[in-house]
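Asker: Handing you a structure now.
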Amino acid sequence: MRDGMDKPVDFLGQFGAHLVMVAGTCLDHGDATMLTRIGAAWTCPQCLDAQLRDEQAAITLAQRSADRMANAQIPKKYVGARFAAGNEAQRAMRLTVQAFRDFILLKPTWAALVMAGKTGTGKTLAACELAQSLITNASRSVRYITAKGMISEIQASYSQDGKSEEGEIARFAQYDVLIVDEIDAIPAKDNALLLLTEIINRRYNDNKPVIVISNQPLMTLAQFVGDRVHSRLHENSFPCNFSWEDYRRTGAASRGVQA
């Protein structure tokens with residue numbers, strides 16, 4: 001027993017033989033003495049503590065961003081992708097997106113970024129690029145989902161233990177920014193329109209902005225989303241008209257491929 005207890009003492013003794021108390025002066029914190037290895041440079045203990053706190057804060061922030069990115073459920077196709085503006089209309093769209101971003105980061109407020117245009121013009125790409133910027137650079141929680149998917153998730157709670165319609169609605173209402181893709185394609189049955197209206201209304205009342213994506217122009221969107229949702233989308237509205245052609249078709253045509 002005594003031999004086993006002596007080994008840690010020997011180890012500490014050997015380790016301690018390589019340490020020495022060193023005095024030094026920090027321009028910010030003044031004089032201090034610190035235990036350090038023989039031959040190693042003196043380090044201000046307060047500066048070292050601050051450095052460790054900064055490193056831990058950076059680790060925590062990175063983990064939080066990773067968690068928020070996972071919770072955002074951005075389609076893998078768009079993770080890390082960027083919209084390359086190639087003409088004046090596309091550059092104007094990017095300026096509108098930037099204006100929306102600056103507006104919602106200035107203070108908590110309702111706003112609606114409405115991306116409308118033909119299929120294949122990059123609406124989802126531009127929205128997901130903004131979402132990733134909000135997560136990594138502004139620490140905002142974001143959720144991407146199609147309108148049909150959102151309604152389906154809520155309605156699925158009717159048959160699941162531990163879930164409720166109210167809980168699911170509250171979940172979609174609580175994100176800092178909600179992206180609703182294909183908002184003009186909600187199911188025209190059951191209570192789908194009522195659920196969409198309730199979510200938009202709660203976010204409106206709580207100053208939580210939305211990004212909506214549609215193949216229909218904003219002015220005629222009421223017939224798909226109802227008058228109440230349509231009205232709210234006009235307040236603090238940032239409309240983006242994706243007026244160019246479907247890049248998948250034009251790209252395929254330029255390569256001689258059947259689209």
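Taken together, the values in this text are just the output of simple stated rules run on the coordinates, not laboratory data. Note that the structure is predicted; figures quoted are calculated from it, not measured. Don't worry about glycine lacking a Cβ; one is built from the backbone with ideal geometry, like all the others, and counts go over all protein chains shown.
Asker: Principal axes first, then extents: for the Cα atoms of region 79-251, list largest minus smallest coordinate on each axis, whole Å, largest first.
Answerer: 50, 33, 30
Asker: Looking only at GluC sites (Glu not before Pro) in DSSP loops with at most 15 other Cβ atoms within 10 Å, what is the longest site-free stretch of the chain?
Answerer: By the stated rule (loop sites, at most 15 other Cβ atoms within 10 Å), 1-234.
Asker: Oh, and also: For the chain, modelled as a Gaussian network with Cα springs under 10 Å, which listed residue fluctuates most, L27, L113, L134?
Answerer: Greatest mean-square fluctuation among the candidates belongs to L27.
Asker: For the chain, with only Lys/Arg (+1) and Asp/Glu (-1) charged at the beta-carbon, what is the dipole magnitude about the Cα centre, in debye rounded to 20? If you can, show how the numbers build up before the last one.
Answerer: Values: 29 positive and 28 negative charges, 178 e Å.
That gives the chain a dipole magnitude of about 860 debye.
Asker: Of M150, M219, how do they rank once you tally other Cβ atoms within 10 Å and put the fewest first? Working shown, then result.
Answerer: Values: M150 24, M219 10.
If I rank by nearby Cβ atoms, fewest first, I get M219, M150.
Asker: Right, here's the next one. Please give the calculated 222 nm ellipticity per residue for the chain, where each DSSP H segment of at least 4 residues contributes -39500 (n - 2.57) and the sum is spread over every residue; nearest 500 deg cm²/dmol?
Answerer: That calculation yields -16000 deg cm²/dmol at 222 nm.
Asker: Taking the chain as a whole, which cysteines find no other cysteine Cβ under 4.7 angstrom from their Cβ?
Answerer: By the Cβ distance rule, which asks for a partner under 4.7 Å, the isolated cysteines are C128, C240.
Asker: Just grab the label-to-label distance for M34 and A70, each label 7 Å out from Cα along the Cβ direction, in nm (one decimal).
Answerer: 3.5
Asker: Using a 10 angstrom Cβ neighbour count of at most 15 plus a DSSP loop assignment to flag exposed trypsin sites (Lys or Arg not before Pro), which longest range of the chain is free of such sites?
Answerer: 1-81
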